[in-house]
Amino acid sequence: MTMKTWDIAIKDMRLSFRSRSAIIFMFVVPILVTTLFAFMFGGLDDEEGFTLPQTAVVVANLDEGELPGLATETPAYLGVDLAGVHSLGEAMARLLQADALREVMQVTLMDSAAAARAAVDNQAAGVAVIIPANFTAALLGMGQAAEVELYQDPTLTFGPNVVSSVVGRFLDSFSAATIGVGVTLEQLTAGGAAISPEMVQAVVGQFTAGMGQSSATLLTVQAPTGQTGDTNPVAQILAQILGGMLVFYAFFTGANVMQSILTEEEKGTLQRLFTTPTSHLALLGGKFSAALIVLVVQVTLLLVFGRLVFAIHWGRWLPVALAAVGLILVAATAGLFLVSLMKSTRQAGAMFGGLLTLTGMVGMMSVFTGGSPYTPAALDIISLLVPQGWAVRGLRLAMEGGGAADLLLNLLALLLWSGVFFAIGQRRIQRRFAR
Amino acid sequence: MRVIDLALKDLRQLARDRQTFIFLLVMPIVFTLLFGFAFGGNQTADPRLPLGLLNQDEDDLGQHLVALLEDSAVVRLQMEADSPAELERLVADETVAAGLVIPASYSEQLRRSEPVAPTFMALSGGSAGFTVQTEVETAVFRLTSAVQAARITVETAAQQNALPGGVTEAAYFDDALTRALAAWDAPPVQVVHTNANALPVPAEEDSPNYSAYAHTSPGMMAQFAIAGLIGAAGILALEKKSRCLQRLVTTNMSPGQILVGHYLAMFVMILLQMAILILFGQLALRLPYFSQPWATLLVTVTAALFCAGLGLLIGVVARDEEQVIVLALVPMFVLAGLGGAWVPLEVTPAAFQRIAMFTPLAWVIDGYKDILVRGLGLEAVTTAAAVLLAYAAGLFGLAVWRFRLD
């Protein structure tokens, strides 16, 4: 790099770091949005990660059944004292108010189904659980099957799913005892055995004793051993967000620094510069070097900030470095390419605002849909139609524990984009300078 | 009349600017479709979540568990893994939403009442993993309870000497197990879901991705209404920079009239933008915006009044077009994020939801959701409209104060 090229690079860098709007786009907005999401998902203080949102639930127990004496002796279920309950509907309502569920459900009892539905209609509650009149009767095998109604606010999905899961588990526990007693007595009867009340009581006792099995005994839950990096889900989300923002705004930075060619042209300083013994190559080299250096600063600072403040595990240093190099090169060359297509700074404003926002958001689609289990695979392919998609992919691969070999293909793709952008951009700019 | 002339001048200027159309119409439409597609999924394919399964149990109970999961409306089984390590890789790669390994001794231990649990693998923190886990636990619980029923039946029959002659305990157990599993097809109590919705949800073929679009359409409309202010507020900033505004003040047009003229142009622009996007939502996405026309009109007009107020303040405060971009895009990101345009507020903590209700975009989105999802009418959206009007008045007042100060 000649001294002149270096001088131009230093001057452009100084301009970039003095520009308030450039600083806002380079650092403030990515950090602001990531902080917003950190707050949105409950922060990083909790080791468990997500704090499940609490759903307001109203319970209307319409159960008219009455438990025979033997069942009221059931001492406790899931840590809830059920002594003295008169019906299984009452037991169900008491279970839904268990301390263990307070974090996810705030339960209020209502007298009638209409009042419970009205609470949901008025958005005072998210879900109404309506226990029918024949609840106990159905579970004692003395009538038709009973349906517990979950009446929910249609705008909600997550909260009602959690409530449905909890209610479903309780109902299965109740049903298991009924089914078990029914099967045992049915089979004994079919085999010709005489059924005495004592035998029934003994059988019922065996089944109710097994109620309330903890879900921990049903499955051994583990994260895949291949999962590396953050195990805190909030940090994982923030890594995706900050990574996406980093890519999105790196392209703005590249374009913004290279835009100085247009600004200088409009101010006439470029023409004055060409009256001095400064080659076109030195000028272009200086501007491009400035873009590269500013991008190195931006990318490095945001990666370090993410690590220190949001505890983001970006991956091993070599894959992260490869992903960052690819991003810096493609963002700088894209800036050169875009500026070569523009006639004025006014036109550039529209192009940067519109095109870079559009392509940036397309490239970030995997970030937006990160948690959705229903994302179609085609969306990943759409993302890779823009260079931002490859840059996001590179960071994601590094975060997921990918090695240098995994990153190489991605880097090659980014180098290809960069090569094309640079070839077209520098040729067009050179031609413009020649005029 | 001068106010209208000024507004018409602004609108003509905006109509000539290609950037205006990108922010006002192209982007919200593209992102409504993209987000709807992303969150609604591929409706032609099986929407159930893929569960990688490795059944190492060669006996019957493992098969019963597989059969229970095969009938699930939530998960679909993928049995392509040959080993737990291979299954872990599929889970880690997110090829499957979760993995389940049924151990080799599962049937044997379950029959002997020994503690045994299939291994469930999922990436930590994902909603897909949570959903699949709940479904798998239900299936495991039902199988375990059926086995328990069969075991108690055999024990009771043995105690009462009631085993039929010529029937082995194993056969008696299998018979009871079959009965218990069959009983789970119609359990004595079950959950039914109903919606507090006056509007029937349209059939999937009539409106694919309805629920996804019902969220993304209002969200993107609100977000890009703010982004669309860049052009309109830019005119005001440009007038200041070119001293045109100062010349205008020397005419017999009052500062108030000048601001109202610009405000009117912004209001008309945003109103037109929202009207076109609502039309797009109604006709292309089959969202029932017109089911409650007066409610839709009220939310739209008040949302446009708020956006125009914000645009006027940005135009008054910004010194040049560059500042306009910053002053429009930063609030856009903050208000859209806080207001629930990207992620539904229901998944955020209670404190976040409370703060969100101080943001105007949350009210815009809530107002439209009242119409589109809850099927409510004019009465339901009056609170949202009142809040938006208050914001509009506040922002207009701030703009006037700042303009006078300058």
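The values are calculated or read from the model by the stated rules, or taken from the named source; none is laboratory data. For clarity, every value in this text was computed on a predicted model and none was experimentally measured. Here the Cβ positions follow ideal geometry from the backbone for every residue, glycine too, while neighbour counts run over all protein chains shown.
Here are some notes:
- Tally of residues being within 13 Å of chain A (Cβ to nearest Cβ) and acidic (Asp, Glu) across region B:65-111: 4
- Note on region B:155-185: residues that are crowded, with 20+ Cβ neighbours inside 10 Å and touching a Phe, Trp or Tyr at 6+ places or on another chain (Cβ under 7 Å) amount to 1.
- Criterion violated by residue A:174 - all others in (1) more than 7 Å from chain B (Cβ to nearest Cβ); (2) part of a helix (DSSP H, G or I); (3) modelled with pLDDT of 80 or more; (4) in contact with a helix residue (DSSP H, G or I) (Cβ under 7 Å, 6 or more places away or on another chain) satisfied: (1)
- Residue among B:253, B:221 that alone is in contact (Cβ under 8 Å) with a residue 60 or more places away in the chain and touching a Lys or Arg at 6+ places or on another chain (Cβ under 6 Å): B:253
- Any chance residue B:341 is more than 9 Å from chain A (Cβ to nearest Cβ), assigned to a loop (DSSP other than H, G, I, E, B) and either in contact with a helix residue (DSSP H, G or I) (Cβ under 7 Å, 6 or more places away or on another chain) or of a type in the set (S, T, N, Q) (or both): yes
- When region B:1-43 is filtered for residues that are of a type in the set (D, E, K, R) and at pLDDT below 80, the ones remaining, listed by number, are B:17, B:18.
- Elements of type strands (runs of 3 or more DSSP E) contained in region A:39-134, each with 2 or more residues being among the small types (Gly, Ala, Ser) and modelled with pLDDT of 90 or more: A:55-61
- The lone exception for residue B:54 - which of (1) within 14 Å of another protein chain (Cβ to nearest Cβ); (2) touching a residue at least 12 places away in the same chain (Cβ under 8 Å); (3) among the aliphatic types (A, V, I, L, M); (4) under 30 Å from residue B:232 (Cα atoms) it fails: (4)
- Residue match in region A:159-172 (condition: surrounded by 21 or more Cβ atoms within 10 Å (Cβ to Cβ), in contact with a Gly (Cβ under 8 Å, 6 or more places away or on another chain) and among the small types (Gly, Ala, Ser)): yes
- Among the residues of region A:402-435, the ones that are within 19 Å of residue A:264 (Cα to Cα) and surrounded by 13 or more Cβ atoms within 10 Å (Cβ to Cβ) come to 7 in all.
- The selection criterion, being touching a Phe, Trp or Tyr at 6+ places or on another chain (Cβ under 8 Å), under 17 Å from residue B:54 (Cα atoms), of a type in the set (A, V, I, L, M, F, W, C) and more than 7 Å from chain A (Cβ to nearest Cβ), holds for residue B:116.
- Tally, over region B:291-302, of residues that are within 16 Å of residue B:279 (Cα to Cα), in contact (Cβ under 8 Å) with a residue 12 or more places away in the chain and either basic (Lys, Arg) or in a helix (DSSP H, G or I) (or both): 8
- Given (1) in a helix (DSSP H, G or I); (2) more than 26 Å from the chain's Cα centre (by Cα); (3) crowded, with 17+ Cβ neighbours inside 10 Å, number of the condition residue B:81 does not satisfy: (1)
- Single residue of B:349, B:360, B:331 found to be surrounded by 22 or more Cβ atoms within 10 Å (Cβ to Cβ) and over 18 Å from residue B:35 (Cα atoms): B:360
Yes/no per residue for (1) at pLDDT below 90; (2) under 21 Å from residue B:362 (Cα atoms):
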| residue | (1), (2) |
| --- | --- |
| B:217 | no, yes |
| B:234 | yes, no |
| B:237 | yes, no |
| B:241 | yes, no |
| B:262 | no, no |
| B:271 | no, yes |
| B:275 | no, yes |
| B:283 | no, no |
| B:297 | no, yes |
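- Hits in region B:325-345 - residues which are touching a residue at least 40 places away in the same chain (Cβ under 8 Å), of a type in the set (A, V, I, L, M) and out of contact with any Leu (no Cβ under 8 Å at 6 or more places or on another chain): B:325, B:327, B:329, B:332
- Taken over region B:132-169, the residue count meeting the criterion of being among the hydroxyl-bearing types (Ser, Thr, Tyr), closer than 22 Å to residue A:224 by Cα and more than 7 Å from every other protein chain (Cβ to nearest Cβ) is 0.
- Those residues of region B:378-389 which are out of contact with any Pro (no Cβ under 8 Å at 6 or more places or on another chain) and within 16 Å of residue B:312 (Cβ to Cβ), in sequence order: B:389
- In region A:144-164, the residues that are facing another protein chain (nearest Cβ under 7 Å) form Cβ pairs under 7 Å with partners that are basic (Lys, Arg), at six or more places apart or across chains, as follows: A:151/A:117; A:154/B:374; A:155/B:369; A:155/B:374.
Let's see how each residue does on (1) over 19 Å from residue A:411 (Cα atoms); (2) surrounded by fewer than 24 Cβ atoms within 10 Å (Cβ to Cβ):
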site	(1), (2)
A:302	yes, yes
A:306	yes, no
A:311	yes, yes
A:319	no, no
A:327	no, no
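- Residues of region B:128-171 classified as among the basic types (Lys, Arg) and without any contact (Cβ under 8 Å) to a residue 60 or more places away in the chain, total: 1
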